[in-house]
1. Among the residues that make up segment B:157-166, is at least one of them assigned to a helix (DSSP H, G or I), of a type outside the set (A, V, I, L, M, F, W, C) and in contact with a strand residue (DSSP E or B) (Cβ under 8 Å, 6 or more places away or on another chain)?
2. I'm checking my understanding of the structure. Among residues of segment A:1-22 that are within 7 Å of another protein chain (Cβ to nearest Cβ) and assigned to a helix (DSSP H, G or I), which one is surrounded by the fewest Cβ atoms within 10 Å (Cβ to Cβ)?
3. Go over the candidates B:Gly73, B:Gly86, B:Gly152 one by one and state the one that is surrounded by fewer than 24 Cβ atoms within 10 Å (Cβ to Cβ), of a type in the set (Gly, Ala, Ser) and at positive phi.
4. Quick one: how many residues across segment B:311-322 are more than 7 Å from every other protein chain (Cβ to nearest Cβ) and either closer than 21 Å to B:Pro390 by Cβ or under 23 Å from the mean Cα position of the chain (by Cα) (or both)?
5. Could you count how many residues in segment B:266-310 are within 24 Å of the chain's Cα centre (by Cα), away from every other protein chain (no Cβ under 14 Å) and among the small types (Gly, Ala, Ser)?
6. Here's a check for you: in segment B:323-344, which residue that is more than 7 Å from every other protein chain (Cβ to nearest Cβ) and part of a helix (DSSP H, G or I) is surrounded by the fewest Cβ atoms within 10 Å (Cβ to Cβ)?
7. Name the residue that is nearest to the chain's Cα centre (by Cα), counting only residues in segment B:397-450 that are modelled with pLDDT of 95 or more and β-branched (Val, Ile, Thr).
8. All but one of (1) surrounded by fewer than 16 Cβ atoms within 10 Å (Cβ to Cβ); (2) assigned to a helix (DSSP H, G or I) hold for B:Glu270, so report the exception by its number.
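The values are calculated or read from the model by the stated rules, or taken from the named source; none is laboratory data. Only a predicted model underlies this, so the values are computations on that prediction, with no experimental measurement involved. Reconstructed Cβ throughout: ideal geometry from the backbone, glycine too, with neighbour counts over all protein chains shown.
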Amino acid sequence: MALTSEQVRMVAKLANLELTETEVEKFRSQLEEVIDYNAEKLSQVNTDKVEPLLNVSGLTNALRGDEPQPGLPQKSVLQNAKNKHNGFFKVKAILD
Amino acid sequence: MHTSFLTIKQIHEGLKKKDFSSVEVTKQALQQAEKADKDLGSFLTITGELALKQAQEADRLIANSKEICWLTGVPMGIKDVIVTQGVATTAASKILEDFLPPYSATVYENLLKVKAVMIGKLNCDEFAMGASTENSAYQKTKNPWDRTRVPGGSSGGSAAAVAAGLLPYALGTDTGGSIRQPASFCSVVGLKPTYGRVSRWGLIPMGNSLDQAGPLTQTVEDAAWVLNIIAGYDRQDATSVNKPLPDYSKNLGRSIKGKKFGIPKEYLGEGIDPQVKEIFLAATKKIEDLGGQLVEVSLPHSEQAIPVYYLVMASEVSTNLARYDGVRYGGTRDQFGPEAKRRIMLGTYSLSSGYYDAYYLKSTKVRRLIYNDFQEVFKKVDFVLGPTSPVLPFKFGEKIDNPLQMYLGDILTVPQNLAGVPAISLPAGFVGDLPVGLQITANHWEEEKMLQAAYNFEQATEWHKRKPE
């Protein structure tokens, strides 16, 4: 399957990555090769009646009591933030 | 006193007999980390002051106790994708260059409880993505057996430091072979536990449904001891399982007479280096000499393991790495290295509308078939044997620009992560000076039995005694 540069740019946008033109071209050919290999191998297997496997621990719905526990202090939570204001994370405007 | 290449057990006995103190051992380990590591490149951070403080605490405990844990006062290192409170943790990425974790991973907490001593944080591929440690944003780590070659990865720093005698043990993480393959490349022991056996709390995640932390050691007995301390249920990790924890070191000597060892016919086909195959077959002969019974088995979906792994893992990577938005911690997304970007792109693609069914969903279905293959095989045999890596340690730069070639090297280690079963790699021989590892896989929760088999093989061979110059 041919992957176009346009598709690569679209995926990069979804992934919130800014790629240079060189990167777009490099990833286009590398991803095409990897995807082709994967798709070809997977298509050899019939999975019509197979359920997806998402968790191998054997656990389902691991619940625990709803007991309040101390969390991290605000100072520790904020210690790695580059932009903060009055004890909050400062973010760019999301809505215009 | 010279503590280089001493095992955990030997250091423990020295501490107990008061041949040396933890502070003395720690000072020597720090000195080695400072000096010998200049060329090797296994450490990203050396935690001198903290290590000496931890060693003093250990010495106080040793002075006041009749019995101490094997790990008390013994130096170790931790792969830099495991968070350590107040100690820089970078995941070998520029995006976390100045990150100081506000809390610690449970595995590190467990080691601190028994007064282990951390010498520093160890190099790896960026976010544990790679098989050569060349994807570290900071430095290359060399293979102690041949410094023109890679140590494997992604836990390359952990494996190299133990193999070079700088540390008696280190912690690594394994998503698709990242403990076992570097253990094989560096001729040390590396163990990936059953998914759910060891808490993932505080592991900077790569593939949440695949990741496990585990030990890299010089001997099987040492690996059993580290597992004793790091394993167990943790309420912070909802995928950790509340199951009784055996003493893994207790019955290591139990004979393997009559035990059945399956050799999947798919593991010795195309793509395996004939020299690796020869050493593997000699190792299986040794198992037979010890009373083990060799049985040919089949894992029919082995060929699909790489495609399933790279789609499942990359999909999990793309969602995991979405958290790096520069708001709460870390830098900006342009600081991701090429492999991180490549995997984010691959994962985003396979999760995106129109491709989800054909790629992500399809791969999770084939994952079940791989899981079922192992369940079928373990009805017939106790263990599955294989080489750990189909190839010998390769030269720097040899594969870095060919992702598909690099990915295919994981063929013998990813099936275990997809199925969630435990596996161990141990020294099994050399081609010239280049190590080859034997991989023993067991069914879920059978680490004890697996360690017994590994111990039997180790005690009957000399490979683990050979050290690099």
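1. yes
2. Taking segment A:1-22 and keeping what is within 7 Å of another protein chain (Cβ to nearest Cβ), we get A:11-12, A:14-18.
Now restrict to residues that are assigned to a helix (DSSP H, G or I): A:11-12, A:14.
On the way: A:Val11: 25, A:Ala12: 20, A:Leu14: 16.
Of everything passing the filter in segment A:1-22, A:Leu14 is surrounded by the fewest Cβ atoms within 10 Å (Cβ to Cβ).
3. Working: B:Gly73 fails: surrounded by fewer than 24 Cβ atoms within 10 Å (Cβ to Cβ); B:Gly152 fails: surrounded by fewer than 24 Cβ atoms within 10 Å (Cβ to Cβ).
From the options B:Gly73, B:Gly86, B:Gly152, the qualifying one is B:Gly86.
4. 8
5. 1
6. Taking the candidates together, the pick is B:Arg323.
7. Looking at residues that are modelled with pLDDT of 95 or more and β-branched (Val, Ile, Thr), I get B:Ile424.
8. Going through the list (1) surrounded by fewer than 16 Cβ atoms within 10 Å (Cβ to Cβ); (2) assigned to a helix (DSSP H, G or I), B:Glu270 breaks only (2).
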